[in-house]
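Engineer: This is the structure I have questions about; it appears just below.
A short reminder: the numbers here are calculations on the coordinates, not readings from a lab. Keep in mind it's a predicted model, so treat the numbers as computed, not measured. Positions of Cβ are backbone-derived with ideal geometry, glycine not excepted, and every protein chain shown enters the neighbour counts.
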Amino acid sequence: MTDNKDIRKVIGDKLRSVRVRLKYSLQHMADKYAIDYAHYYQIEKGNRYVRLDILQKISKHLGVGIDFWFRDDDIQFTRIQTASIMGVINSFDKNKRDFLCDMLTAYSKRRK
């Protein structure tokens, strides 16, 4: 974790990033974890601390370790998620797999 960054901001930024990536609304997250909407909003903004039990529930739901929230890296897939993704990819015919590989290759080159 970046040494001079407030832990509330680090966790809030990650919560927002994951929520947006999953296309969840603020209200969905607040309802799912039984948090008042305004309180959850303030957590994402980095203005409030999140309780550890809530962070554990979110971690379990997303399949990440509790340490994820305190690191500078991004979300990593668990083995189960990876196996599930590979199962879907392997069900594709050769043309769809080739297309997917081409798209991923182009995307990864563009990100560099």
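Engineer: Looking at region 15-70 only, could you name the residues that are among the β-branched types (Val, Ile, Thr) and either closer than 22 Å to Lys5 by Cβ or surrounded by fewer than 15 Cβ atoms within 10 Å (Cβ to Cβ) (or both)?
Structural biologist: Answer for region 15-70, where residues must be among the β-branched types (Val, Ile, Thr) and either closer than 22 Å to Lys5 by Cβ or surrounded by fewer than 15 Cβ atoms within 10 Å (Cβ to Cβ) (or both): Val18, Val20, Ile43, Val50, Ile54, Ile58, Val64, Ile66.
Engineer: Hey, another quick one. Condition first: assigned to a helix (DSSP H, G or I) and under 11 Å from Ile11 (Cα atoms). Now tell me which residues in region 42-65 satisfy that.
Structural biologist: As a first pass, look at region 42-65 and keep what is assigned to a helix (DSSP H, G or I): 42-44, 52-62.
Of everything in region 42-65, those that are assigned to a helix (DSSP H, G or I) and under 11 Å from Ile11 (Cα atoms) turn out to be Ile43, Glu44, Leu55.
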